1. When only residues in the stretch 32-89 that are more than 12 Å from the chain's Cα centre (by Cα) and small (Gly, Ala, Ser) count, which is nearest to residue 104 (Cα to Cα)?
2. Taking the stretch 63-97 as the region of interest, how many residues are under 15 Å from residue 47 (Cβ atoms), in a helix (DSSP H, G or I) and either open to solvent by 50 Å² or more (accessible area, probe 1.4 Å) or modelled with pLDDT under 95 (or both)?
3. Mind listing just one residue for me: the one in the stretch 25-62 that is modelled with pLDDT of 95 or more and aliphatic (A, V, I, L, M) and, of those, nearest to residue 92 (Cα to Cα)?
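The values are calculated or read from the model by the stated rules, or taken from the named source; none is laboratory data. Keep in mind that what you see is a predicted model, and the values were worked out from it rather than measured. A quick note on method: Cβ atoms are made from the backbone with ideal geometry, for glycine too, and the neighbour counts reach across all protein chains shown. Only protein heavy atoms, including side chains, enter the accessible area calculation; ligands, DNA and RNA are left aside. Shrake-Rupley method; radii C 1.70, N 1.55, O 1.52, S 1.80 Å.
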Amino acid sequence: GINAEYGKQWYQRRVRVRVACPDTKKTWCFDVFPSIEKISSVQAPTLIIHGTEDEVIDFSAGLQLYERCPKPVDPLWVEGAGHNDIELYAVYLDRLKSFLEKDLATK
């Protein structure tokens, strides 16, 4: 079987296309999360949350999603948060709660 470290390396090599080429207009066949192409079809209020120090998905990807989102609410850019520790920041849960109780209630 595939061990966990190999799987992590495989995943990181594939998502780096968007990180290495943030202005790309094409989603490659090995881009496992083509969110940038799908966001324009989301017709619900959308909260984009991204850590400024994300080591897996570059912060610019979060900005691009927000800019292309048809129905964005105020995003949350978590200063200093990485890819796997963002939920440890109090602002993360506070913003999720606000999104559910306020942003969705007014739409």
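1. Among those that are more than 12 Å from the chain's Cα centre (by Cα) and small (Gly, Ala, Ser), it is 44.
2. Residues that pass the stated criteria total 13.
3. 49
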